[in-house]
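Notes to accompany the following structure.
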Amino acid sequence: MTHIEKNSLPLVENVSRRGLLKGVVASGSLIVATTYLPKRAMAAWATGAGLMPHGTVSDPHVFVAIAKDGTVTIVAHRSEMGTGSKTSLPMVVADEMGADWSRCRVVQAPGDEVKYGNQDTDGSRSLRHFVQPMRQCGAAARLMLEMAAAERWGVDVSSVEAVDHAVVHRDSGRRLGFGDLAEAAAALPTPAPDKIRLKDTNSFRYIGTGSVPIVDLFGITTGTATYGADIRLPGMKYAVIARPPVLGAKVKSFDGSAALKVPGVEKVVEVQGWDWPAKFQPVGGVAVIARNTGVAIKGRDALKITWTDSPHAVYNSDSYREMLLENARKPGKTVRNDGDIDGAMKAAAKTITAEYYIPQSAHAPMEPPAATAWVHDGMCEVWAPVQSPGGTHDDLMKTLGLPYDKVKVNVTLLGGAFGRKSKCDFVLEAALLSKTLNAPVRVQWTREDDIQHDFYHAVAVERIEAALDANNKVIGWRHRNAAPSLFSTFMPDPKMQQPLEYSMGQVDLPFAIENIRCEVCEAPAHSRIGWFRSVRNVPNTFATQSFVAELAHATGRDPKDMLLELIGAPRIVDPRKTTVDLWNYGDPFETYPIDTGRLRGVVELVAEKAGWGRDLPAGHGMGIAVQRSFLSYIATVVEVAVDGKGNISVPRVDTAVDCGFHVNPERITSQIEGAAIMGLGIAKHCEITYKNGVVQQSNFNDYQVVRIDEAPRVTNVYIVPAGWDTPSSGVGEPGTPPFAPALCNAIFAATGKRIRNLPIGDQLAI
C-alpha cells in the first residue's frame with residue numbers, strides 16, 4: 001500500500017495504454033490526444049533525414065486522462081536517465097492545462113511508436129521536439145474542459161477559464177473542478193489546431209521556474225525506485241553470458257560440465273550471434289542459467305570455450321593510432337571546401353600545424369545493462385532500462401518474428417546511459433533465452449561485460465593546419481580527421497566519417513576564415529561503435545578549441561580574444577553550398593541556423609562571469625572553449641590548479657548555455673554539472689585500448705571515472721534567457737565537448753605544457 005503525504009511528489013508508475021484506457025472508461029475521465037509523430041527509424045537518424053515535425057494536435061496518441069476525483073494522469077513517452085524529460089514534458093502539459101501539479105501523476109509509456117511517436121531519448125531531442133506538441137496537448141485539454149463547463153452553465157466559452165485545477169466563470173465566480181467535468185469533456189471531439197490557444201509565457205506557473213522536482217526523486221533517493229536489475233517475476237531464471245573476446249568471433253565449441261557442477265547452476269546454453277555488421281543484435285556466446293546472478297557468474301567462470309578466429313584480432317591500439325596519424329597526414333576526401341586553401345598555404349607568412357589524439361571511450365553508466373524477458377504463448381514482454389523503447393519494441397518484433405501487438409516493452413528507470421542503452425542487444429539476449437527456456441529470464445551484465453563489450457565512442461586523430469598572413473591573421477584552415485565510423489555498426493564499413501559525424505564540429509566550423517577545407521581520411525572499424533554523449537563533437541571540439549588557444553599563443557594574443565576574432569561579427573554562417581551533405585542534427589537549417597551572434601554571446605557571458613583575466617594563484621590557469629552542438633551554444637571556462645608533482649585539480653568551472661526557450665532550468669543546470677564531471681573524466685582518465693582485438697580494460701580500477709575528490713569544486717551555470725520565439729535546442733549532450741579543451745588550455749596557461757593527446761594521465765607527472 002502506498003501512502004502519499006500532502007505535497008508529496010506525484011505518484012509515478014508504468015502503465016499500458018490499454019490499461020489506461022480501461023481505467024478511463026470506467027471512471028468517465030477525460031482523454032486528450034496530441035501530435036501524431038512519425039515512427040522512429042534508424043535510417044532517419046543515420047542519414048540525417050528529418051526525424052520530427054513540430055506538428056499539431058491530432059489523434060490517436062493518448063497523453064492525458066482525468067479521473068472523477070480530479071487526478072490528472074499524464075503519460076511520459078520518453079525514458080528517464082537523469083535528464084528530467086519524464087518530469088519536464090508532463091509538467092508542460094500540466095501548466096498549459098491549468099492543472100495543479102500536486103494533483104498530477106506521471107505514468108511511463110511502454111515502447112510503442114505507432115501510438116506515442118518517436119521515443120528515442122537521445123540526440124538531445126526530448127524537449128527540443130516535444131515542447132510544442134506537449135503545450136498543444138495541455139492547451140487542448142484546457143479548451144475541452146472549458147467547453148464542457150460553458151455548456152453546463154449555458155454561457156459562452158470565452159467567459160470561462162481553466163485555472164488551478166478548476167474551470168471558473170469570470171462573471172459569476174462559479175467554479176467546477178476538473179473531476180466534475182471529466183465525463184462531459186471526454187465526450188467532446190479533440191479541438192481543431194486552429195481553435196487551440198497557447199498560454200502567454202507570462203502566465204506560466206511551472207514552465208521556466210525550476211520549482212518542480214523530478215517525479216522519481218523520492219524513490220531514487222530512498223532506494224525504492226525500479227531499475228532494470230530490480231525486476232522479479234515468478235519462476236524467473238537468472239543468466240549471465242560469456243561473449244566473444246574479439247568482435248566477429250563465434251563459439252566454436254564449449255564445455256559446460258564444470259559450470260553445471262556449481263550449486264545453483266541449472267543449465268548452460270549457447271546464445272545466437274549475428275554476423276557483423278549487425279546493428280544492435282547480440283554478438284552471441286554461452287549463457288549460464290542459475291537461481292541467482294551470483295551463482296551464474298561463478299558458473300560462467302568455470303566455462304571452457306573455444307572461439308573461432310576473427311579478422312579483428314589484428315586490432316592493436318598502438319599500431320592503429322600510428323595508422324590514423326599517417327592517414328591524417330595525407331589528403332583525404334574533401335567534405336567542405338571554401339576558397340582556395342592550397343593558395344592560402346602557399347601565400348602564408350607562417351603556417352601552424354597540430355595533431356590531436358582522442359582514444360576510444362566506454363559509456364560506463366553506473367547501472368550496467370540488465371533486462372528481463374518473458375516469451376510465451378506467442379507474445380513477448382520485457383522490462384528494461386532502454387533509451388529507445390519503440391526501437392527496442394521493433395527489434396524484438398523482428399528478431400522473434402512476432403506481430404506488432406504481441407510485443408510489449410516496459411521501461412524502468414535508467415541508472416545512466418549516455419547513448420549505451422539506446423542499443424538493445426542486452427534486451428534481445430534476454431528475449432532469445434526466454435524463448436529457448438520457456439521461462440522468464442533476466443540477463444545481467446557485469447561491469448566487466450559492459451566495459452569490454454560496449455558500443456564504443458570512436459578513436460580519432462584530428463590534424464589542423466592554419467595559414468597566417470604577415471599581420472598574424474588566419475587566412476586558411478585545413479582540418480583532417482581519421483576516425484572509424486559508427487555506420488560500420490549498421491552497414492558495410494564505409495571506412496571514414498559520414499555526414500552525420502563530420503557535421504558535428506568539423507564542417508560546421510563557424511569561423512570568419514576565407515579559405516577552409518575539411519577532409520575525412522580512411523579508418524577501418526574493428527570494434528562496435530555507437531553514439532556517445534555528444535558523439536563527434538567531443539574529438540572535433542577538443543581539436544578546434546585547443547588549436548585556437550595554440551594560435552593565440554603563437555601570435556601573442558589572449559585566447560578569448562583570439563576565439564572571438566575567429567568567430568567574427570554576428571552573422572549566419574551557412575556552409576551548405578560548400579559542404580557535402582551538411583547534417584543539422586535532423587532539424588531544418590532555417591529554424592536552427594549557425595548564428596555567430598549567439599556563439600559570441602556565450603563566450604562573452606562566460607568570460608565575464610568567470611572573471612576572465614583575473615589574478616590567479618601560482619600553479620593556476622584558466623582556459624576557454626566554445627561549441628555549437630545539438631543546436632545549442634555552450635561556452636566553458638575551466639580554472640585548473642597544478643601542484644609541484646603535476647597533479648591537477650579543478651577549483652572552478654563556469655559554463656554559459658544558450659538553448660533557446662527552456663522549460664526546467666534546474667534540470668539544465670544539473671545536466672551541465674554532470675557534463676563537467678564527464679568531460680573531466682574523458683580528459684583525465686578514460687581510455688579503451690586493444691591488444692590482438694581484445695579490450696584491455698575491465699572495471700573502474702583500469703577504466704577510471706572521476707571520483708568525488710576529483711570533481712570540480714564549484715560548477716556555475718548561466719542560462720541565457722530566451723522567449724518562445726527562440727526554438728528550444730539540445731541540453732543533455734552539448735555541455736560535454738567544451739570541457740576537455742578548456743581544461744587543457746587552462747593547463748597550458750598554468751604550466752606552459754600543451755596537451756594534445758587524451759587522456760592526460762601522467763603526462764604532467766614530474
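The values are calculated or read from the model by the stated rules, or taken from the named source; none is laboratory data. Owing to the predicted nature of the structure, the values given are computational and were not obtained by experimental measurement. Here the Cβ positions follow ideal geometry from the backbone for every residue, glycine too, while neighbour counts run over all protein chains shown.
Quick notes on this one:
- Qualifying position, being closer than 30 Å to GLY223 by Cα and more than 29 Å from the chain's Cα centre (by Cα), among VAL382, VAL375, VAL407, VAL411: VAL375
- A Cβ distance below 9 Å, combined with a sequence gap of six or more or placement on separate chains, defines the contacts here; from region 241-252, residues that are in contact (Cβ under 8 Å) with a residue 60 or more places away in the chain and farther than 22 Å from ILE289 by Cβ reach residues that are of a type in the set (D, E, K, R) and in a loop (DSSP other than H, G, I, E, B) in the pairs VAL246/ASP309; LEU247/ARG528; GLY248/ASP275; GLY248/ASP309; ALA249/ASP309.
- Qualifying residues in region 633-647 (those that are part of a strand (DSSP E or B) and surrounded by fewer than 24 Cβ atoms within 10 Å (Cβ to Cβ)) - the one nearest to the chain's Cα centre (by Cα): ALA641
- Region 591-632, residues that are part of a loop (DSSP other than H, G, I, E, B) and farther than 20 Å from LEU127 by Cβ: GLY611, TRP612, GLY613, ARG614, ASP615, LEU616, PRO617, ALA618, GLY619
- Options LYS279, LYS252: the member that is on the phi < 0 side of the Ramachandran plot, outside any helix (DSSP H, G or I) and either modelled with pLDDT of 95 or more or not assigned by TED's automatic domain parsing to the domain that holds ASP493 (or both): LYS252
- If you go through region 697-753 and pick out every residue that is assigned to a loop (DSSP other than H, G, I, E, B) and of a type in the set (Phe, Trp, Tyr), you end up with 3.
- Within region 497-515, the only residue that satisfies the criterion of being more than 13 Å from LEU566 (Cβ to Cβ) and of a type in the set (Phe, Trp, Tyr) is TYR502.
- Filter pass, ASP112 being of a type in the set (Asp, Glu), in contact with a Gly (Cβ under 7 Å, 6 or more places away or on another chain) and surrounded by fewer than 24 Cβ atoms within 10 Å (Cβ to Cβ): yes
- Between ASP120, ASP95, the distinction of being out of contact with any helix residue (DSSP H, G or I) (no Cβ under 6 Å at 6 or more places or on another chain), of a type in the set (Asp, Glu) and assigned to a helix (DSSP H, G or I) belongs to ASP95 only.
- Single match in VAL459, VAL443, VAL427 (criterion: in contact with a Leu (Cβ under 8 Å, 6 or more places away or on another chain), in contact (Cβ under 8 Å) with a residue 60 or more places away in the chain and within 20 Å of GLY391 (Cα to Cα)): VAL443
- Residues of region 188-203 that are crowded, with 20+ Cβ neighbours inside 10 Å and of a type in the set (Gly, Ala, Ser): none at all.
- Residue check, PHE426 on the phi < 0 side of the Ramachandran plot, among the aromatic types (Phe, Trp, Tyr) and surrounded by 24 or more Cβ atoms within 10 Å (Cβ to Cβ): yes
- Selection status of ASP342, more than 25 Å from ALA458 (Cα to Cα), surrounded by fewer than 18 Cβ atoms within 10 Å (Cβ to Cβ), out of contact with any Gly (no Cβ under 8 Å at 6 or more places or on another chain) and modelled with pLDDT of 95 or more: yes
- Qualifying residue in region 685-694 (condition: out of contact with any helix residue (DSSP H, G or I) (no Cβ under 8 Å at 6 or more places or on another chain), of a type in the set (A, V, I, L, M), buried (at least 18 other Cβ atoms within 10 Å of the Cβ) and at pLDDT 95 or above): no
- Residue within region 714-731 that is under 20 Å from PRO651 (Cα atoms) and free of Cβ contacts under 8 Å to residues at least 40 places away in the same chain present: no
So that you can scan it fast, the table gives a plain yes or no per residue for (1) surrounded by 23 or more Cβ atoms within 10 Å (Cβ to Cβ); (2) touching a Cys at 6+ places or on another chain (Cβ under 9 Å); (3) in a helix (DSSP H, G or I); (4) not acidic (Asp, Glu):
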{"residue": "MET504", "(1), (2), (3), (4)": "yes, no, no, yes"}
{"residue": "PRO524", "(1), (2), (3), (4)": "no, no, no, yes"}
{"residue": "PHE532", "(1), (2), (3), (4)": "yes, no, no, yes"}
{"residue": "LYS577", "(1), (2), (3), (4)": "no, no, yes, yes"}
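- Candidate set: region 583-618, residues that are among the acidic types (Asp, Glu) and free of Cβ contacts under 8 Å to residues at least 12 places away in the same chain; chosen: the one nearest to ARG536 (Cα to Cα): GLU590
- Residues (touching a residue at least 60 places away in the same chain (Cβ under 8 Å) and not in a strand (DSSP E or B)) located in region 282-302: PRO282, VAL283, THR293, ALA296, ILE297, ARG300
- Of the residues making up region 367-398, just one is free of Cβ contacts under 8 Å to residues at least 40 places away in the same chain and surrounded by 24 or more Cβ atoms within 10 Å (Cβ to Cβ), namely LEU396.
- Residues of region 407-433 that are outside any loop (DSSP other than H, G, I, E, B) and either at pLDDT below 95 or in contact with a His (Cβ under 8 Å, 6 or more places away or on another chain) (or both): VAL407, LYS408, VAL409, ARG420.
- Test result for HIS363, in contact with an Asp or Glu (Cβ under 7 Å, 6 or more places away or on another chain), within 20 Å of GLU113 (Cβ to Cβ) and touching a residue at least 60 places away in the same chain (Cβ under 8 Å): no
- Filtered residues of region 133-151 (kept if over 18 Å from PHE63 (Cβ atoms), in contact with an Asp or Glu (Cβ under 9 Å, 6 or more places away or on another chain) and of a type outside the set (A, V, I, L, M, F, W, C)): GLU146
- Residue match in region 546-565 (condition: farther than 16 Å from ILE513 by Cα, within 28 Å of the chain's Cα centre (by Cα) and touching a residue at least 24 places away in the same chain (Cβ under 8 Å)): yes
- The requirement of being buried (at least 23 other Cβ atoms within 10 Å of the Cβ) and either more than 19 Å from THR736 (Cα to Cα) or of a type outside the set (Gly, Ala, Ser) (or both) is satisfied by VAL626.
- Residues located in region 732-766, provided they are of a type outside the set (A, V, I, L, M) and either without any contact (Cβ under 8 Å) to a residue 40 or more places away in the chain or surrounded by fewer than 24 Cβ atoms within 10 Å (Cβ to Cβ) (or both): PHE748, THR751, GLY752, LYS753, ARG754, ARG756, ASN757, PRO759, GLY761, ASP762, GLN763
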